[in-house]
Amino acid sequence: QVQLAESGGGLVQAGGSLRLSCTASGSIAGTSDMRWYRQAPGKQRELVASSPSGGRTNYADSVKDRFTIFRDVAKNTVYLQMNSLKPEDTAVYYCYGSIRAASMSRARDYWGQGTQVTVSS
């Protein structure tokens, strides 16, 4: 069974940095699209950054030039480096992966449990 596990959230002052990690575990045959989403209280979940397999990364306008998504394919891990954090970045951050398990013929969507990021002013 495939699972995604996030880590790296926490409390940071405005202007600071955090790095989130998300590792896929289980019997994995292949991983394509990996993304980071976030959801602030009272708001809808929004896409923050995406990393298609072999494709260009994409970012929400609100995080461009501050956040960087990158992957370690060998470790089945995707990272989100967050710099120059702002209070409005406060949210629960979720990892998403389109992953094909070894026992499956097609990829499925998987989500992590979420990690809280709080930026104080």
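The values are calculated or read from the model by the stated rules, or taken from the named source; none is laboratory data. The structure presented is a predicted model; accordingly, all values stated were derived computationally and were not measured. Don't worry about glycine lacking a Cβ; one is built from the backbone with ideal geometry, like all the others, and counts go over all protein chains shown. Surface accessibility is based on the protein's heavy atoms, side chains included, excluding ligands, DNA and RNA. Shrake-Rupley method; radii C 1.70, N 1.55, O 1.52, S 1.80 Å.
A few remarks follow.
- Per-region count, the stretch 65-80, residues at positive phi and in contact (Cβ under 8 Å) with a residue 60 or more places away in the chain: 0
- Residue count for the stretch 73-97, restricted to those that are at pLDDT 95 or above, open to solvent by 20 Å² or more (accessible area, probe 1.4 Å) and over 12 Å from A5 (Cα atoms): 8
- V63 being open to solvent by less than 40 Å² (accessible area, probe 1.4 Å), part of a loop (DSSP other than H, G, I, E, B) and hydrophobic (A, V, I, L, M, F, W, C): yes
- The lone criterion from (1) touching a strand residue (DSSP E or B) at 6+ places or on another chain (Cβ under 9 Å); (2) farther than 21 Å from Y59 by Cβ left unmet by S98 is number (2).
- Pick from the stretch 6-33, criterion modelled with pLDDT of 95 or more, in a strand (DSSP E or B) and among the hydrophobic types (A, V, I, L, M, F, W, C), ranking: surrounded by the most Cβ atoms within 10 Å (Cβ to Cβ): C22
- Which listed residue, of A49, A24, is free of Cβ contacts under 8 Å to residues at least 40 places away in the same chain and within 12 Å of the chain's Cα centre (by Cα): A49
- Selection count, the stretch 35-60, where residues are closer than 16 Å to G97 by Cα, not in a strand (DSSP E or B) and not charged (D, E, K, R): 5
- All of (1) loosely packed, with under 13 Cβ neighbours inside 10 Å; (2) over 23 Å from L11 (Cα atoms) hold for N58 with one exception: (1).
- S84 vs. criteria among the small types (G, A, S) and under 28 Å from S27 (Cβ atoms): no
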